[in-house]
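Take a look at the structure below.
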Amino acid sequence: MTNNLLQRKTIAIVGGGPGGLTLARLLQQSGVRVNVYERDVNKDVRVQGATLDLHDESGLKALTKAGLLEDFKENYRPGADKMRIADNKATILFDQHTEEWKEEFGSEHFRPEIDRGPLRTILLQSLNPGTVIWDCNFVDMQPSGKG
Ligand SMILES: Cc1cc2nc3c(=O)[nH]c(=O)nc-3n(C[C@H](O)[C@H](O)[C@H](O)COP(=O)(O)OP(=O)(O)OC[C@H]3O[C@@H](n4cnc5c(N)ncnc54)[C@H](O)[C@@H]3O)c2cc1C
């Protein structure tokens, strides 16, 4: 159910990164009309970069609210959050690879990693068809009437 402020309006989100796409998903779940304007020519035009670790209180919380945690679990990289610290002679000082490791969703210390590409795919697939308008570079905004 949308609140009065959002009725008969379409929300424009500039940028289809993890932030914009997650916001679009959350708004659509609440029945809000939304378009995302993304300057990339299309979804495949570039690689999305390296992994992101998601934290319980932020990224994972948002994905849970978006109903996408199960999709995340199918696409994340188990064990990629393990840390190894070495000195300048490559002597290992700290190594989580030798520890018993629990993949514990719901634990505040668990920070699972996911590649940006699969994360973007999960978010894109969760949106209504046509939500993202590709090849749109935001350059300026002008007042219109009283708005
Ligand atoms: C090296 C590095 C490592 C990081 N590691 C982590 C991590 O492990 N965990 C974590 O949670 N975060 C990490 N971050 C932070 C994370 O990348 C950002 O918080 C996240 O990408 C922000 O998402 P966003 O959608 O707000 O912006 P962005 O990811 O920057 O996406 C912005 C989108 O907007 C589009 N855009 C930009 N300008 C325009 C325009 N004028 N018109 C239309 N479209 C436009 C871009 O093409 C892009 O798709 C890291 C960042 C860096 C640089």
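The simple spin-label model puts a point 7 Å past each Cα toward its Cβ; for residue 93 and residue 128 those points are separated by 5.4 nm. Compared with the dominant principal axis of the Cα atoms in the chain, helix 116-125 is inclined by about 40°.
Approximating the spin labels as points 7 Å out from Cα along Cα→Cβ, the residue 12-to-residue 42 distance works out to 2.5 nm.
A run of the chain free of exposed loop cleavage sites, with GluC sites (Glu not before Pro) counted only in DSSP states other than H, G, I, E and B and at most 11 other beta carbons within 10 Å, reaches its longest extent at 1-56. Each stretch of four or more DSSP H residues adds -39500 (n - 2.57); spread over every residue of the chain, this sum gives -7000 deg cm²/dmol at 222 nm.
Grab the Cα-Cα distance for residue 73 and residue 100, subtract it from 0.36 nm times how many residues apart they are, and report the gain in nm with one decimal.
7.7 nm
Over 28 Å between Cα atoms: which of 61/82; 9/65; 61/89 fall into that group? Long pairs (Cα-Cα over 28 Å): 61/89.
The angle between the Cα long axis of helix 18-29 and the main principal axis of the chain comes to about 60°, on a 0 to 90 degree scale.
The orientation-averaged shadow of the Cα convex hull for the stretch 61-117, equal to a quarter of the hull surface, comes to 5.2 nm². Could you let me know the centre-to-centre spacing of the stretch 83-133 and the stretch 1-62, using Cα atoms, in angstrom? A separation of 20 Å, based on Cα centres. Exposed loop sites here are trypsin sites (Lys or Arg not before Pro) assigned a DSSP state other than H, G, I, E or B and surrounded by at most 11 other beta carbons within 10 Å; excluding them, the longest clear run of the chain is 103-145. Share of pairwise Cα-Cα distances greater than 23 Å in the chain is 49 percent (whole percent).
Every number here is computed from the coordinates shown, using simple stated rules; none is lab data. All values reported here derive from a predicted model rather than from experimental measurement. Counting neighbours? That spans all protein chains shown, and the Cβs are built from the backbone with ideal geometry, glycine included.
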